[in-house]
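S.K.: Provided herewith is a single structure, encoded as structure tokens, for subsequent inquiry.
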Number of protein chains: 2
Amino acid sequence: MQPMPPRAVTAICHALLEQIEHGLLAPGGKLPAERKLSEVFDTTRITLREALAQLEAQGLIYREERRGWFVAPERLTYDLIERSHFHAMVRDQGRVATTELLSARLQPASAAICARLQLPALSSVVRICRLRRIDGRAVLYAEHYLNPRYFPGILEQDLAQSLTEIYGRVYGIRYGQVCFEILPTALPVEAAGALKVSVGSPGLHITRVNSDQHGHLIDCDLEYWRHDAIRIRAQAG
Amino acid sequence: MQPMPPRAVTAICHALLEQIEHGLLAPGGKLPAERKLSEVFDTTRITLREALAQLEAQGLIYREERRGWFVAPERLTYDLIERSHFHAMVRDQGRVATTELLSARLQPASAAICARLQLPALSSVVRICRLRRIDGRAVLYAEHYLNPRYFPGILEQDLAQSLTEIYGRVYGIRYGQVCFEILPTALPVEAAGALKVSVGSPGLHITRVNSDQHGHLIDCDLEYWRHDAIRIRAQAG
DNA sequence: GAGTGGTCTAGACCACCAA
DNA sequence: TGGTGGTCTAGACCACTCC
């Protein structure tokens, strides 16, 4: 249909794409330096970076801040309905998950969190920030906000583990109804910093508000995913 | 925490953000020309465009190909579970929806579509391409693939209407189980062209595979949304 | 210390849109 | 027809990574 303009950027994209598809650049492999690539394609770094940015938007390559460009690994499939926890989900897909605890403490809740958990103004909540990796690559920055009333003494637990597992083992709490909200947007600074991506890169923001088996609102999660690390599945009806 | 580098790009973002938040630029309003803005902020167009791209990634402004930059309207909330059809969903949120039929015909199915609909190789399917707008802004490019066996003569219907409604009225078919797959990625050329966005802009790709009330796979939709036009909701458990 | 990516400058030409 | 956005050039300096 369209006359297909002979754009330099498009040509570079196609050339790189072909190399990746034919396996000359393996998943996880590093691309040559930008200056080297701009010589190869006989163009400027600005133009070359434009092409890299497009492949990044497609999720085919990704960037580690100041370290260079890499071929993106396969996405993780995230099933909204049959929610196993992160480590199990990753393991079931033949990958290795790790979790790093960034911070955990009791603090006053923001207005937004109060509203989500239906708490009165200025309530205290337990805030747990964690970074999660798949095969060593940071893919998810998550903030958990727990209603402290249901989880006395949780700060003494090992919070790099699955929270779901601690909920059940220590408090006898299981998830009941869960509400999701999925928002494609740029990653905020905290998330971008933790994931080592440049601020303003596209990402996926998932908010989960969780009730327990008795219908009490127990906690909510703010998850920030690399946009290229995830595929969401759901079944309805 | 971080020393907050005095980046030109960040400074411009904040300045524009403030103007938007204080309503000096109304939703749908047009921003000044890029050259004008780069003068205002005393920088080059490249740098200024970098800032605009970041705000675009956040979904705060958007671009119409060759027409300029505009302040983004509120997102549409898309509920995965209680799926009313597009026009009803938009109307319920106080907006106006329109649908434009781009093409509709019987054609051989691609391998991917055959797999989704569990059809034998080289089956024919009805392919319907449509463009949907909210308040006049193109937000969704959708391709529907129907198993023709369940929809004889559907090409004679008015396909700018709700398909859900035609299914029920003409064929006595209602949706049963539905599978979703949500993928943040760059918009492919057909979608980008129809939505009038530059190729390679981020978007949200939603695949729906629909069964009817008897469990037959009747059709599947490939939806391509502007990343800034949508917020997805779901409830589970 | 060499090389890398991150950022920025100061221009240019073209195709398209609106007047 | 003038101004717009889309694209591209040919450099530069800095902070950081990696050796």
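The values are calculated or read from the model by the stated rules, or taken from the named source; none is laboratory data. None of these values were measured; they are calculated from a predicted model. For neighbour counting, all protein chains shown are included, and Cβ atoms are generated from backbone atoms with ideal geometry for every residue, glycine included. SASA here: full protein model, heavy atoms, side chains in, ligands and nucleic acids out. Shrake-Rupley method; radii C 1.70, N 1.55, O 1.52, S 1.80 Å.
S.K.: If I ask for residues that are assigned to a strand (DSSP E or B), open to solvent by less than 20 Å² (accessible area, probe 1.4 Å) and closer than 22 Å to residue B:230 by Cα, which ones from segment B:133-180 would you list?
M.R.: Within segment B:133-180, B:134, B:138, B:139, B:140, B:141, B:142, B:143, B:144, B:178, B:180 qualify.
S.K.: What number of residues within segment B:89-119 satisfy the criterion of being part of a helix (DSSP H, G or I) and free of Cβ contacts under 8 Å to residues at least 24 places away in the same chain? Talk me through it step by step, then tell me what you get.
M.R.: Within segment B:89-119, the subset part of a helix (DSSP H, G or I) is B:89-92, B:111-117.
Filter once more, so that each one left must be free of Cβ contacts under 8 Å to residues at least 24 places away in the same chain: B:89, B:91-92, B:111-112, B:114-115.
Here the count works out to 7.
S.K.: In segment A:29-59, what residues are away from DNA strand C (no atom under 15 Å from the Cβ) and either part of a helix (DSSP H, G or I) or closer than 15 Å to residue A:70 by Cα (or both)? Can you show your working first?
M.R.: Pass one, segment A:29-59, residues away from DNA strand C (no atom under 15 Å from the Cβ): A:42, A:58-59.
Result: A:58, A:59.
S.K.: Could you tell me how many of the residues in segment A:168-178 are out of contact with any helix residue (DSSP H, G or I) (no Cβ under 9 Å at 6 or more places or on another chain) and either within 20 Å of residue A:86 (Cβ to Cβ) or at the interface with chain B (Cβ under 7 Å from one of its Cβ atoms) (or both)? Steps first, please.
M.R.: Pass one, segment A:168-178, residues out of contact with any helix residue (DSSP H, G or I) (no Cβ under 9 Å at 6 or more places or on another chain): A:168-169, A:172, A:176-178.
Subset that is either within 20 Å of residue A:86 (Cβ to Cβ) or at the interface with chain B (Cβ under 7 Å from one of its Cβ atoms) (or both): A:168-169, A:176-178.
Adding up the residues that qualify gives 5.
S.K.: Moving to a separate point now. Just to be sure I understand, how many residues within segment A:8-28 are outside any helix (DSSP H, G or I), more than 15 Å from DNA strand D (Cβ to nearest atom) and either under 27 Å from the mean Cα position of the chain (by Cα) or assigned by the TED database to the domain that holds residue A:194 (or both)? First the steps, then the outcome.
M.R.: The initial filter retains those residues of segment A:8-28 that are outside any helix (DSSP H, G or I), namely A:22-28.
Filter once more, so that each one left must be more than 15 Å from DNA strand D (Cβ to nearest atom): A:22-27.
Narrowing the set further to residues that are either under 27 Å from the mean Cα position of the chain (by Cα) or assigned by the TED database to the domain that holds residue A:194 (or both) leaves A:23, A:25-27.
So the answer is 4.
S.K.: Could you tell me which residue of segment B:57-105 is surrounded by the fewest Cβ atoms within 10 Å (Cβ to Cβ), considering only residues that are touching a Gly at 6+ places or on another chain (Cβ under 7 Å) and hydrophobic (A, V, I, L, M, F, W, C)?
M.R.: B:70
S.K.: Here's a follow-up. Scan segment A:185-196 and give yes if some residue there is among the hydroxyl-bearing types (Ser, Thr, Tyr) and out of contact with any Leu (no Cβ under 7 Å at 6 or more places or on another chain), otherwise no.
M.R.: Going through segment A:185-196, the residues among the hydroxyl-bearing types (Ser, Thr, Tyr) turn out to be A:185.
Now drop any that are not out of contact with any Leu (no Cβ under 7 Å at 6 or more places or on another chain), which leaves A:185.
Yes, there is a match, as at least one residue in segment A:185-196 is among the hydroxyl-bearing types (Ser, Thr, Tyr) and out of contact with any Leu (no Cβ under 7 Å at 6 or more places or on another chain).
Table: residues versus (1) touching a Cys at 6+ places or on another chain (Cβ under 8 Å); (2) away from chain A (no Cβ under 13 Å); (3) within 30 Å of residue A:102 (Cα to Cα).
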{"residue": "B:17", "(1), (2), (3)": "no, no, yes"}
{"residue": "B:21", "(1), (2), (3)": "no, yes, no"}
{"residue": "B:27", "(1), (2), (3)": "no, yes, no"}
{"residue": "B:54", "(1), (2), (3)": "yes, no, yes"}
{"residue": "B:59", "(1), (2), (3)": "no, no, yes"}
{"residue": "B:65", "(1), (2), (3)": "no, no, no"}
{"residue": "B:75", "(1), (2), (3)": "no, no, no"}
{"residue": "B:94", "(1), (2), (3)": "no, yes, no"}
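S.K.: Looking only at segment A:114-121, decide whether some residue is within 13 Å of the chain's Cα centre (by Cα) and more than 14 Å from chain B (Cβ to nearest Cβ). Before the answer, list the steps.
M.R.: Start the filter on segment A:114-121 by keeping residues that are within 13 Å of the chain's Cα centre (by Cα), which leaves none.
Checked segment A:114-121: no residue is within 13 Å of the chain's Cα centre (by Cα) and more than 14 Å from chain B (Cβ to nearest Cβ).
S.K.: For segment A:193-228, name all the residues that are free of Cβ contacts under 8 Å to residues at least 60 places away in the same chain and more than 10 Å from every other protein chain (Cβ to nearest Cβ).
M.R.: So in segment A:193-228, the residues free of Cβ contacts under 8 Å to residues at least 60 places away in the same chain come out as A:193, A:199-200, A:203-206, A:208, A:210-211, A:213-215.
Selection gives A:214, A:215.
S.K.: Is it the case that residue B:52 is at pLDDT 95 or above and under 19 Å from residue B:227 (Cα atoms)?
M.R.: Answer is no for this residue.
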